[in-house]
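The values are calculated or read from the model by the stated rules, or taken from the named source; none is laboratory data. Predicted, not measured: the structure shown is a model, and the values here were computed from it. Note that we place each Cβ from the backbone using ideal geometry, even for glycine, and neighbour counts take in every protein chain shown. Each accessible area value is taken on the protein alone, full model and side chains, heavy atoms only, with ligands, DNA and RNA left out. Shrake-Rupley method; radii C 1.70, N 1.55, O 1.52, S 1.80 Å.
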Amino acid sequence: LVAYFSSGGTTQQVAEKIARYTGGTFFRIETITPYPNEYTPCTVVAKEERDNGIRPQLKATVKNFDQYDTIFVGCPVWWHTAPMVIWSFLESNNYNFSGKTVIPFCTYQATYRDETLAKIVELTPESKHLKGFGTTDKKADVASWLKEIGINAVGN
């Protein structure tokens, strides 16, 4: 499973590559109330959610979640960490991550890559984790990272 949240499109493009290379199922994490499209209003909402621990409601759930043993979870870096929508997804009562392999990935503009990858790991404590991936470039070399962590790329 390749589950991701994307606001500007970069994370989605990385997620698409992962799904293509792994043959994985693609799942876009979305909120019932969309985030603003404009940068500044979006950052205001994101900061308010983070500062107040708000978990936004999700629009949909993964069908047949139990069939997945390996789950890539990706997002952009927002306010130095994973956006609260990722917390909503990973803390949802709809999913049991226990015993599954969770592989975090993120996109970022300047920094806080490691903090964001670590937050995804922290939110899935009962899971096995493989080395995460962070990039500033939607054209990043995803195939090399997958090979490095032992995931055989089937697509291109």
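For this structure, a couple of remarks:
- Mean Cβ count within 10 Å, highest first, over the residues of peptides 1-9, 75-83: 75-83, 1-9
- Built amide H within the under 5 Å cut-off of Ile71, gap 5+: Thr101, Val102, Ile103
- For the stretch 31-86, GluC sites (Glu not before Pro) are listed when DSSP marks them as loop and at most 11 other Cβ atoms sit within 10 Å of their Cβ; the list is Glu38.
- Here the Karplus curve 6.51 cos²θ - 1.76 cosθ + 1.60, taken at θ = phi - 60°, turns the phi angles of the stretch 133-140 into couplings of 9, x, 8, 9, 10, 5, 9, 4 Hz, with x standing for Gly and Pro.
- Cleavage-rule hits (trypsin sites (Lys or Arg not before Pro)) in the stretch 55-156: DSSP loop, at most 10 neighbouring Cβ within 10 angstrom: Lys63, Lys139
- In the chain, the DSSP beta bridges split such that about 10 percent are antiparallel, to the nearest 5.
- In the assembled protein chains, Glu16 presents an accessible area of approximately 70 Å² (probe radius 1.4 Å).
- Helical mean residue ellipticity (222 nm; -39500 (n - 2.57) per DSSP H run of 4+; nearest 500) of the chain: -10000 deg cm²/dmol
- Those lysines that a straight Cα-Cα span of less than 20 Å connects to Lys128, excepting residues fewer than 8 apart in one chain: Lys100, Lys119, Lys147
- Between the amide H of Cys106 and those of Cys75, Phe133, Gly134, Thr135, distances stay under 5 Å, these residues lying 5 or more places away or on another chain, with hydrogens modeled in the peptide plane.
- Per residue, the accessible area of the stretch 3-107 comes to 49 Å², computed with a 1.4 Å probe over protein heavy atoms only.
- A simple rule links phi to the HN-Hα coupling: the Karplus curve 6.51 cos²θ - 1.76 cosθ + 1.60 with θ = phi - 60°, which for the stretch 36-50 gives x, 6, 6, 4, 4, x, 5, 5, 5, 5, 4, 5, 4, 4, 4 Hz, with x for Gly and Pro.
- In this structure, Asn93 and Tyr39 have a Cβ-Cβ separation that, at R0 = 22 Å, corresponds to a calculated FRET efficiency of about 0.10.
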